[in-house]
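Take a look at the structure set out below.
The values are calculated or read from the model by the stated rules, or taken from the named source; none is laboratory data. No experiment lies behind these values; they were computed from the predicted model shown. Virtual Cβ from ideal backbone geometry, glycine too; neighbours counted across all protein chains shown. The accessibility values were calculated without ligands, DNA or RNA, using every heavy atom of the protein model including side chains. Shrake-Rupley method; radii C 1.70, N 1.55, O 1.52, S 1.80 Å.
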Amino acid sequence: MRPVSVLVCALGGEGGGVLTEWLVDAATRAGLAVQSTSVPGVAQRTGATTYYVEVFPEPLATLGGSRPVFGLTPVPGALDLLVSSELLETVRQCGNGLPDAERTRIVTSTARTLTTMERIAPGDGRLDGDALLAVVAAQSRSHVAFDMAAMARDHGTVVSSVLLGAVAAAGVLPIAREAYEAAIRGPESEGLATAAVRASLAGFGAAFERV
């Protein structure tokens, strides 16, 4: 048995680190061994901001004291799940050969943050969204794609909570919905949830039901 491998991709300030922390927390609450590493980019478009997570799918309690050995970096063609907050960033990882058409499930937002070249082109210099989605479809076993940034705005939250809901519903990780929601809530404080936590849970739930 091998770990489940997950690559999280985000632009600067989109909460990729928070999403990764939630994933690690949820896996820990589910009694699973988990490890995460990260490669922060220097800016939105001059370096990918990626987070790599491996989760062993069998509970630690059943391993008889043994612990799995995890990898530190994603291996091209060996991803089980690719999660991305921006469509072109998803396609960039496809261009790097990271997902595999027979193995990888992709969860991506269709939202775009335009590149410099798209912005300076005379007229409409935007890349064609349908063509980008065609790449995602061709380079994945299956995929989930919708505008997660818009869903986050509709629920007054951040895109990381919507991405987490989509990941939870995708079923790649052996983690119950309740563990993800508990990770969002964090340490209990007299049973009270802040407005930010309530909004995050709403965004999570909307994405979960959508997927």
Pairs where the first residue, in segment 28-39, is within 12 Å of residue 5 (Cα to Cα) and the second is of a type outside the set (A, V, I, L, M) and part of a strand (DSSP E or B), C-beta under 6 Å, 6+ apart: 35/54; 37/52
For segment 166-194, the count of residues that are among the aliphatic types (A, V, I, L, M), in contact with a strand residue (DSSP E or B) (Cβ under 9 Å, 6 or more places away or on another chain) and either outside any helix (DSSP H, G or I) or under 14 Å from residue 19 (Cβ atoms) (or both) equals 6
Could you tell me how many of the residues in segment 96-120 are open to solvent by 30 Å² or more (accessible area, probe 1.4 Å) and either assigned to a loop (DSSP other than H, G, I, E, B) or over 23 Å from residue 13 (Cβ atoms) (or both)? 11
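Being closer than 18 Å to residue 10 by Cα, modelled with pLDDT of 95 or more, in a helix (DSSP H, G or I) and of a type outside the set (Val, Ile, Thr) narrows it down to one residue among 201, 163; which is it? Lay out the reasoning, then the answer.
Details: 201 fails: closer than 18 Å to residue 10 by Cα.
Answer to the check: 163.
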Please go through (1) free of Cβ contacts under 8 Å to residues at least 12 places away in the same chain; (2) surrounded by 14 or more Cβ atoms within 10 Å (Cβ to Cβ) for residue 123 and return the number of the only condition it doesn't satisfy. (2)
So, in segment 144-159, how many residues would count as being small (Gly, Ala, Ser) and either in contact with a strand residue (DSSP E or B) (Cβ under 8 Å, 6 or more places away or on another chain) or not in a helix (DSSP H, G or I) (or both)? 3
Does at least one position in segment 76-85 carry a residue that is over 27 Å from residue 187 (Cβ atoms), surrounded by fewer than 13 Cβ atoms within 10 Å (Cβ to Cβ) and modelled with pLDDT under 95? no
Could you tell me how many of the residues in segment 55-82 are without any contact (Cβ under 8 Å) to a residue 40 or more places away in the chain and assigned to a loop (DSSP other than H, G, I, E, B)? 10
Using beta carbons and a limit of 8 Å, which pairs, at least six apart or on different chains, have the first residue in segment 104-117 and within 29 Å of residue 54 (Cβ to Cβ) and the second one among the hydrophobic types (A, V, I, L, M, F, W, C) and part of a loop (DSSP other than H, G, I, E, B)? 104/79; 104/98; 105/172; 107/211; 113/11
